[in-house]
Amino acid sequence: MENVRRPLLGMTLHELQAVTAELGMPKFAAKQIAAWIYDKKVRSIDEMTNLSLKHRLMLNERYEVGASAPVEAMRSVDGTVKYLYRTSEGNYVEAVYIPEAERATLCVSSQVGCKMNCQFCMTGKQGFTANLTPAQILNQIYSLPERDMLTNVVFMGMGEPMDNLDNVLRALEVLTADYGYAWSPKRITVSTVGLRKGLRRFIEESDCHLAISMHSPLPEQRESLMPAEKAYSITEMIDLLHDYDFSKQRRLSFEYIMFKGVNDTPLYAKEVAHLLRGIDCRINLIRFHAIPGVDLEGSSMDRMIAFRDYLTQHGFYTTIRASRGEDIFAACGMLSTARQQHIDISKKQQG
Ligand code: SF4
C-alpha cells in the first residue's frame, strides 16, 4: 500500500508537539517546524536546516509540508485572479485574489461544493463533495503566487464555513497565533448563512470578523432563496447576536444580495432596519450576478443607491460592494468546480 505522508501545513502548535513527541524529537522542535512552515514558508522538510539530519529523515518518512501550487489561473480585466487548486483526494476548489488600491484580499473556500443550496449560487448548484482540511484551507494562502501582498482573507468562497467549523477554526488559529502567521483577527472575515450549531461557537471561539448572509429580512422569502433559513431562522439568529457586543474589536456585517423586483424595494429596506435595530453592524449590498438556469436578475444601481441611502439615514453604515471578476466567473455566488470534478470522474471511469 502506498505510504501516504501527512501534511504539516495546517497543524497547530499542539499538533506539531504531538508529532515531535511521536518521533522522539525535542519539544522545542515543534516551534522550529512551525517557524519553517508559517514564517519562512518552505516547501520541503529538507529545507528545515536547524533540525538534525536524522530528524529530517524521520519526519520525511511520515510527513510532508503539504503545499501544492494552483493548477490553473484565470485573470479578469479588473485584475482579479481566480485560482484553481487540486486537493490530494483529486477534488477541486477555487480561491479568488482581489487586488485593490490599498489592500489585497483573498477569498478562500472551506468546502468542495456546498450543502446549503442557496438558489442564487453556483457552488450551491454543484452540491457537496467534501470538507477541506486545515491544510487544504491554508494551502490556498500558502501557495498563492501573490501571498506576500495579501492584507485580508475572507471565507466567502466555496462552502459554508460553519458546516466545517472544526477545520475552519484550526485554520484560523494558525493564521492568528504567534507561532503561525500572527495575523490580526481583524484581517479575517468569516461569512455564514448562519447555522444553529456553529454560530455561537464561532463567536465564542474566534475573534475574526463575522459576516452573515441575510439577503431577505422576511423568513418565508429568505427560505425560498436560502433553504438554511428553515433550520435556523434569521430572527433566531438576530436574537442570539443580541447576546454579544459587536461594538469593539470585531466587526459584524450583513450581506444583502439585491435581486430586481424581489427584495430591493423601500419596504425591504425598512424591514432590514427594523430587524437589525439595536445591533452594532454594517450592511453590504451586493449586486446579483446572473448565473445559468436561475431566473433572478440583479437590481439597478438606482435601486441599490436608494436602498443604501435609506439604511444610512436610519443609522446603519451601508456600502454597495464593488463587483469584481465577473468576466471570469469569480464574483460572489459564481464559484463552481463542478466541471473539473466531472471531467476527473469521467476520466477515472474511462481508465
Ligand atoms: S452562498 Fe455560500 S452557503 Fe449558499 S450555497 Fe453558495 S457557498 Fe453555500
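The values are calculated or read from the model by the stated rules, or taken from the named source; none is laboratory data. Keep in mind it's a predicted model, so treat the numbers as computed, not measured. Positions of Cβ are backbone-derived with ideal geometry, glycine not excepted, and every protein chain shown enters the neighbour counts.
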### Query
Restricted to segment 34-79, and to residues that are touching a strand residue (DSSP E or B) at 6+ places or on another chain (Cβ under 9 Å) and among the aliphatic types (A, V, I, L, M), which residue is nearest to Leu138 (Cα to Cα)?
Ala67
### Query
So Ser76 fits all but one of (1) under 30 Å from Gly24 (Cβ atoms); (2) among the small types (Gly, Ala, Ser); (3) buried (at least 16 other Cβ atoms within 10 Å of the Cβ); what number is the exception?
(1)
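Report yes if Phe307 is aromatic (Phe, Trp, Tyr), more than 16 Å from the ligand (Cβ to nearest atom), crowded, with 17+ Cβ neighbours inside 10 Å and within 28 Å of Pro185 (Cα to Cα), otherwise no.
no
Filter segment 134-144 down to residues that are under 19 Å from Leu335 (Cβ atoms) and surrounded by fewer than 24 Cβ atoms within 10 Å (Cβ to Cβ) and give me whichever is farthest from the ligand (Cβ to nearest atom).
Ser143
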### Subset of segment 192-207 (residues that are within 16 Å of the ligand (Cβ to nearest atom) and in contact with a Ser or Thr (Cβ under 9 Å, 6 or more places away or on another chain))
Thr192, Val193, Gly194, Gly198, Leu199, Phe202
### Task
Residues being touching a helix residue (DSSP H, G or I) at 6+ places or on another chain (Cβ under 9 Å) and either closer than 22 Å to Phe259 by Cβ or not assigned by TED's automatic domain parsing to the domain that holds Val81 (or both): count how many of those fall in segment 124-157.
3
### Query
When you scan segment 304-346, how many residues do you find that are touching a residue at least 40 places away in the same chain (Cβ under 8 Å), part of a helix (DSSP H, G or I) and in contact with a strand residue (DSSP E or B) (Cβ under 7 Å, 6 or more places away or on another chain)?
6
### Task
Exactly one condition in (1) under 24 Å from Ile257 (Cβ atoms); (2) not assigned by TED's automatic domain parsing to the domain that holds Ala231; (3) not polar (S, T, N, Q) is not met by Met58; state its number.
(1)
### Task
Starting from residues that are aliphatic (A, V, I, L, M) and within 15 Å of the ligand (Cβ to nearest atom), keep the ones in segment 72-120 and report whichever is farthest from Arg187 (Cα to Cα).
Met116
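If you go through segment 32-66, how many residues are assigned to a loop (DSSP other than H, G, I, E, B), in contact (Cβ under 8 Å) with a residue 24 or more places away in the chain and surrounded by fewer than 20 Cβ atoms within 10 Å (Cβ to Cβ)?
First, pick out the residues of segment 32-66 that are assigned to a loop (DSSP other than H, G, I, E, B): 40-44, 48-52, 65-66.
So of that shortlist, the ones also in contact (Cβ under 8 Å) with a residue 24 or more places away in the chain come out as 41, 43, 51, 65-66.
Pick out the ones that are also surrounded by fewer than 20 Cβ atoms within 10 Å (Cβ to Cβ) and you get 41, 43.
The total comes to 2.
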### Message
Just to verify a result, which residue in segment 114-130, among those that are within 12 Å of Met334 (Cα to Cα) and touching a strand residue (DSSP E or B) at 6+ places or on another chain (Cβ under 7 Å), is surrounded by the most Cβ atoms within 10 Å (Cβ to Cβ)?
### Response
Thr123
### Every residue from segment 145-178 that is within 15 Å of Leu106 (Cα to Cα), part of a loop (DSSP other than H, G, I, E, B) and away from the ligand (no atom under 16 Å from the Cβ)
Pro145, Glu146, Leu150, Thr151
